[in-house]
Amino acid sequence: MDIDWINAPHSMGTTIIGVTYNGGTVLGADSRTSTGMYVANRASDKITQLTDNVYLCRSGSAADSQVVSDYVRYFLHQHIIQLGQPATVKVAANLIRQLSYNNKNMLQTGLIVGGWDKYEGGSIYSVPLGGTILQLPFAIGGSGSSYLYGFIDQAWKEGMNKEEAEALVVKCVSLAIARDGASGGVVRTVVINSEGVTRNFYSGDKLPLWHEELPLRNSLLEEASSEVEPMRA
Amino acid sequence: MLLEGSNRRIHAVHNHAGMAVAGLAADGRQIVARTKSEATSYENTYGEPIPIKELCERVASYVHLCTLYWWLRPFGSGVILGGYDRDGPQLYMIEPSGVAYRYFGTAIGKGRQAAKTEIEKLKLSEMTCREGVIEVAKIIYGVHDEAKDKAFELEMSWICDESKRRHQKVPADLLEEAKEAAKAAQEDMDAD
């Protein structure tokens, strides 16, 4: 009997993605947190704030990624006070990388750092499991990302505008959700640019339908009659 | 008995920053060592070259530390730190008290009063780095008192777009040009 899920660690099966465009960065994620087969949270927020201008997409162990992001937020805050100006995305990513690498035996978390700073504009850094750091124009992570490699190689273009970038992110996450059992729920996006940060939310009914997915249907009861009669005793 | 290059006053503390020392040589050496260490440790932690302002603050706080405890004596030397980071070229001076300011022109050492006066006559915002090298040489020669001071060697370094934003010794030909211009200016002054 598979009751192991009760004590299984919370893992975010996840699809996370970060994309740069000509004015900043767009980060996107699904919202499913699972403990084994059970969905512990179907509306989780996997995009966490590190500073006003730098955000982090978390995947892998929920606990590990939360602890790492808490430490880095703390260090970054002190760094900003010392420096007297906003942190750069590169510094945030390097702090994440240090923790990931030095504790690689104990941690199991893949992270994508994205944000905007005045020197580099929008930038994305991928920090996968072992603690490598890689700067990229776009990055994908989590179990759902396996289904996106080919798609995003073809779909990402240099010099997209904000709307195109966000549409690409939503399309990617929804494609991954369609195929990956460990990803699901809603699509959350965060857009970061010189003007600030915008959070968006795309519920299931707003996402495009893919091959063999069924359209949303109201209950048969509502379909059968235009006016529903309440049940009488 | 002055061997050329035997008394280095200017040290590179990182690719993008250099430091000139005045005062007790051994104390200055210690400050430079600390500065180099701060610069490399910052880069190892944060993945980017240390902003010059941050480097200055770290060094100043270290120098200041030595004024806080009865069992430590203050550093017997001050330093001038010059560097080029993402916010452009910057110049800072750290005095033995631990006080540090950003400057556009400054001087330290025996002839500093006269040198500062000469610097104030310059129109810094309109000068290129090359021109600055010549002017600085003139000032150094200008404040050197032939009668009272010993023979000296001019040591110059720069950091600018022309040096690819890296701290390096002023190229030999430019240094010669600067020395010639300085000597000529001296003779003009003496001739009056």
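The values are calculated or read from the model by the stated rules, or taken from the named source; none is laboratory data. The model shown is predicted, which means the values in this text are computed figures rather than measured ones. All Cβ positions, glycine included, derive from the backbone under ideal geometry; neighbour counts span all protein chains shown. Quick note on the areas: whole protein, heavy atoms, side chains included, nothing else; ligands and nucleic acids left out. Shrake-Rupley method; radii C 1.70, N 1.55, O 1.52, S 1.80 Å.
Go through the range A:194-233 residue by residue and tally those that are surrounded by 10 or more Cβ atoms within 10 Å (Cβ to Cβ), at pLDDT below 70 and either part of a loop (DSSP other than H, G, I, E, B) or touching a helix residue (DSSP H, G or I) at 6+ places or on another chain (Cβ under 7 Å) (or both).
Count: 1.
Would you tally the residues in the range A:51-75 being away from every other protein chain (no Cβ under 14 Å) and either touching a residue at least 60 places away in the same chain (Cβ under 8 Å) or part of a helix (DSSP H, G or I) (or both)? Let's see the steps before the verdict.
Initial filter on the range A:51-75 (away from every other protein chain (no Cβ under 14 Å)): A:52-53, A:55-70, A:73-74.
In the following step, the residues that additionally are either touching a residue at least 60 places away in the same chain (Cβ under 8 Å) or part of a helix (DSSP H, G or I) (or both) were identified as A:52-53, A:55, A:57, A:59-60, A:62-70, A:73-74.
Number satisfying all stated conditions: 17.
Considering the range A:34-49 alone, what residues qualify as being part of a strand (DSSP E or B) and open to solvent by 10 Å² or more (accessible area, probe 1.4 Å)?
Of all residues in the range A:34-49, those part of a strand (DSSP E or B) come to A:34-35, A:38-41, A:47-49.
If the condition is that a residue be part of a strand (DSSP E or B) and open to solvent by 10 Å² or more (accessible area, probe 1.4 Å), then A:S34, A:Y38, A:V39, A:A40, A:N41, A:T48, A:Q49 are the ones that fit.
Counting just the residues of the range A:97-122 that are within 12 Å of chain B (Cβ to nearest Cβ) and under 23 Å from A:S194 (Cβ atoms), which one comes out most open to solvent (accessible area, probe 1.4 Å)?
Top of the filtered list is A:K118.
Condition check: modelled with pLDDT under 95, within 14 Å of chain B (Cβ to nearest Cβ) and out of contact with any strand residue (DSSP E or B) (no Cβ under 9 Å at 6 or more places or on another chain). Does A:Q78 satisfy that?
No: the conditions fail for A:Q78.
Quick check: is even one residue across the range A:164-174 open to solvent by less than 50 Å² (accessible area, probe 1.4 Å), closer than 21 Å to A:G23 by Cα, among the charged types (D, E, K, R) and part of a helix (DSSP H, G or I)? Steps first, answer last, please.
First, pick out the residues of the range A:164-174 that are open to solvent by less than 50 Å² (accessible area, probe 1.4 Å): A:165-166, A:168-170, A:172-174.
Right, trim to closer than 21 Å to A:G23 by Cα and you get A:165-166, A:168-170, A:172.
From what is left, the residues that are among the charged types (D, E, K, R) are A:166.
Going one step further and asking which of them are part of a helix (DSSP H, G or I), we end up with A:166.
The answer is yes, given that some residue of the range A:164-174 is open to solvent by less than 50 Å² (accessible area, probe 1.4 Å), closer than 21 Å to A:G23 by Cα, among the charged types (D, E, K, R) and part of a helix (DSSP H, G or I).
Does A:A139 qualify as being within 13 Å of another protein chain (Cβ to nearest Cβ), within 23 Å of A:T198 (Cα to Cα) and not in a helix (DSSP H, G or I)?
Taking the combined requirement at face value, the residue does not satisfy it.
What single numbered condition from (1) out of contact with any helix residue (DSSP H, G or I) (no Cβ under 7 Å at 6 or more places or on another chain); (2) more than 14 Å from every other protein chain (Cβ to nearest Cβ) fails to hold for B:S41?
Result: B:S41 passes all but (2).
Any idea which of A:G131, A:G144, A:G150, A:G159 is within 14 Å of chain B (Cβ to nearest Cβ) and either out of contact with any Phe, Trp or Tyr (no Cβ under 8 Å at 6 or more places or on another chain) or part of a loop (DSSP other than H, G, I, E, B) (or both)?
Working: A:G144 fails: within 14 Å of chain B (Cβ to nearest Cβ); A:G150 fails: within 14 Å of chain B (Cβ to nearest Cβ); A:G159 fails: within 14 Å of chain B (Cβ to nearest Cβ).
Being within 14 Å of chain B (Cβ to nearest Cβ) and either out of contact with any Phe, Trp or Tyr (no Cβ under 8 Å at 6 or more places or on another chain) or part of a loop (DSSP other than H, G, I, E, B) (or both) holds for just one of A:G131, A:G144, A:G150, A:G159, which is A:G131.
Quick check: anything in the range B:101-112 out of contact with any strand residue (DSSP E or B) (no Cβ under 8 Å at 6 or more places or on another chain), part of a strand (DSSP E or B) and within 14 Å of chain A (Cβ to nearest Cβ)?
Checked against the condition, which is being out of contact with any strand residue (DSSP E or B) (no Cβ under 8 Å at 6 or more places or on another chain), part of a strand (DSSP E or B) and within 14 Å of chain A (Cβ to nearest Cβ), the range B:101-112 yields no hits at all.
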